[in-house]
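Notes follow once the structure below has been shown.
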C-alpha cells in the first residue's frame, strides 16, 4: 500500500466530523439521485472494508471502518428524495454546524411532513376523506353537480383544507361553463 | 508453504456444500465418493464416533433418537419460540432447555448446543476440503439466509469457531448466489435472487454495476422451505392411511420418519417425472399384529394444489422486496433460482408468471451459494486487493429493523431495514432517577412496534458513568451493525466522553466459557469413516 493513500485515509478520518454528507461522498451540494448512486459506488470501490480485510494493521482497519460507515450513512440519507431535500436545507441553513448528521429528530420531521402532505391531499378526518373520495369519483365521471355537493360536504368537516377548496373552485368553474347561457327566465 | 486458503461453505438446512476458488476460478469440492452436496445430518454412533453427511441421513430411521437433522431451524432461537415447540413435536431426537432459555440437544449421554451440531457439519466440510486439497484449511466464509437475525448469525459464527475455522465473514446466501452469477461478467443489471431452501425462503433484489453488487432490498420468511412441501405430502398420506386403517402414523416417531422420507422422495419424483409412486412396505403393525404397507400415487396436479398456498406465500415476500427496492417485477432483468425446491415445475412456472420472464438456466441451484462464498473467501484473503482494487464489492443490507424497547411493551426504531451495512447510529438516553448508577436497554430486531412481535437480541447494562440528578446524566449509546450483519452496542457518557462498561445480561448465545468448552469437546469428537 502506498504512503500517499495512507495519508489520505488518515486526513479523511480526522476531518470526518466536519464534513457534510455531500463532502463524505465527494459530491457537489444539491447533486441528484443518480449522482449520489455513482458517487457511492466510486467511494465503495475506494474504501470498502473488504478491500483491506487481509491488511495486518488493526488501526488502519478501524479508520477504514469509520470512514465506510459514514459513507453508508451518507448514502442512506441522500438516496431518499424527501430526506435529501430536508438535508440540503439543513446544511445550507444557519444551523449547519449542528445539522451535519441526520439524526432521529430530522428523521421524525421528515415523516411528519410526509404525513401532513398526505393528509392535505386526502383529508384529515374520516368523513372529510370519505366525501373527498366520492368527489374524486364524480369528477372522473364528469358529474359536476354531484362533485360540487360532495366537496361542499367534505369542506363542512374540514373548512380549512386548501386542497378541497381548490378542487371546489375548479368544479364550480366547470359548472359555470356548462350552464346554459342566454335569457332562460320565463317571461 | 503455499499461501493461505479460504473455503466457502453453504451451511444449509438439509444439505451443505463446500467450494474453493483457485486462481480466480471457483469450484465445488466433491468428497471421496464424488458427491457434491452433503446432508446436514449428524449421527452419534454407539462407539462414540460421529457420522456426518449422506450416510448419516440413512441413520435417521435406524438410529433415529441419536441422529440430528434440520438443526439450522433451531439455531439462534430461544427455547420458548414457536419453531422449537414445533420441532419438539416432530423430531425424534431430544430437544431440551439449556441455561438462559437456550436450546440444547440431548443425544446419548451428552447435551449439545445447536452451534455444536452445526460445527460438526462444518468440521465434515473442512475435512472434505482438506482431503481434496491435501492441505490444512483454517479459514472460511460461511453463508446464512439473508433474513437471519443477529442471534442466528452470531450462532452460525460460533459454530465456525467451534469447528476450528476462522470465519472471515458471514455472507447472505442470495448475495453469494448473485456474486457467483455476476462475477467477472462485467454486466449492469437488476437481478432478483429467489432462494427457496430446505427450511428458509429469501428474496434479494440486487443491482449489479460492473464490479459492484448492491443489495437494494431483501425480504424473507425463516419459517418456509422445502420441508413444508414434504409436510403437505406427509399429511395427505397420513390422513389417507388413517381413513383406511384407523391408525395415525404421526403418533409414532418411527413411522413418522418413514413417512417423512416417503414424502421427500415423492416431492422429488413428482417434480422430475410428473407422477410419484409411493410405496413403503411394512410401515407399521396393526394392534392385531398385521403388518401394513403404505402405497399411494401422487399426480402433479394434485401436488400443485397441495402446495399452492406455500408458493403464493413466496410471492408475497417478493412483493415486499420489490416494494422496498421501489421497483416492479418488470424492472428486473434476470431471475436466479437457488435451492433444491426451485427445481419443482410449479415453482419455475410461477416464477415465470410473476416476473414475466424465464429464470436463468445454467446456474446450479444447489451449488451456486457455495461458489459465491468461495469467491468472497479468496477476495478477503488477497492482500493485493488493497493496492490494485478488488474484483468485486458486496454492498449488503440489514434485513430487519433494529429497535430498542421503550415503556409499555413498545419499541422504537433505531436502524431501518434495508439500510446498507456496516452502519452505526447513536441515540441518547438519560437517567430517570436521582443517583442512578446503571442503565439497562433491551435491543430487538423486527418490524412490529410492539416488542412482542420482535425478536429479542439481548439486554445491555451500562455502568461506570457519572452519578447525578435524574435527567442530568446523558448516555450516548452507539448501535453498530458490522459487515456480518452482527449487532454491537457501546455507550459513552456524553459530557465526559468516557466509555461506560457494557455487559450483556440476557442473550441466547454461548458465553465465552461455554464456547471454549465446546471447542475442546469438538476437537475430541472423531468423525466416523464411512462404511463401504
Relative contact order (percent) for the stretch B:1-100, with alpha-carbon contacts under 8 angstrom and 6 or more residues of separation? 18
10 Å Cβ neighbours from other chains, averaged over peptide A:52-59: 4
Value of relative contact order over the stretch B:113-220, rounded to a whole percent, pairs C-alpha under 8 Å and six or more apart: 23
Rank the residues A:5, B:355 as a footprinting-exposure proxy: fewest other Cβ atoms within 10 Å of their Cβ go first. A:5, B:355
Suppose R0 equals 45 Å; then what is the FRET efficiency for residue B:22 and residue B:433 from their Cβ-Cβ distance, rounded to the nearest 0.05? 0.15
I need the peptides B:194-207, A:29-42, B:92-105 ranked by packing, meaning the mean over residues of other C-beta atoms within 10 angstrom, with the highest value on top. B:194-207, B:92-105, A:29-42
Remind me, relative contact order of chain B in percent, using alpha carbon pairs under 8 angstrom and six or more residues apart? 16
Once the Cα gyration tensor of chain A is found, what semi-axes does its equivalent ellipsoid get, as square roots of 5 times the eigenvalues, in whole Å, sorted largest first? 57, 15, 14
Which value in nm describes the separation of the simple spin-label points at residue A:112 and residue A:58, placed 7 Å from the Cα toward the beta carbon? 4.4
By how many nm would the segment from residue B:244 to residue B:231 lengthen if fully extended, with 0.36 nm per residue of separation less the alpha-carbon distance? 2.7 nm
FRET efficiency estimate (nearest 0.05) - Cβ-Cβ, residue A:8 to residue A:28, R0 22 angstrom: 0.60
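Can you compute the FRET efficiency between residue B:189 and residue A:122 using 1/(1 + (r/R0)^6), with r the Cβ-Cβ distance and R0 = 30 Å? Round to the nearest 0.05.
That gives a FRET efficiency of 0.20.
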Please list, short to long, the whole-number percent of alpha-carbon pairs of the protein assembly as shown in consecutive 20 angstrom bins beginning at zero. 15, 44, 30, 10, 2, 0
At 7 Å along the Cα-to-beta-carbon direction for both residue B:406 and residue B:304, put a label point, then send me their distance in nm to one decimal. 5.0
Quick one: if you stick a label point 7 Å off each Cα along the C-beta vector at residue B:49 and residue B:295, how many nm between them? 3.9
Quick one: angle between helix B:173-182 and the longest Cα principal axis of chain B, in degrees between 0 and 90, rounded to 10, please. 80
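Considering every residue in A:72-79, what mean count of other chain Cβ atoms within 10 Å of its Cβ is obtained?
Mean partner-chain Cβ count within 10 Å for A:72-79: 4.
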Packing-wise, with mean Cβ within 10 Å as the measure, how do B:320-329, B:356-365 rank, highest first? B:320-329, B:356-365
Using only Cα atoms, figure out Rg for the stretch B:377-526 and give it as a multiple of 2.2 N^0.38 Å. 1.29
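FYI, it's all coordinate maths here, none of it is from the lab. Predicted model, so just to flag it, every value in this text is computed and none were measured. Because the Cβ atoms are built from the backbone with ideal geometry, glycine has one as well, and the counts that use them run over all protein chains shown.
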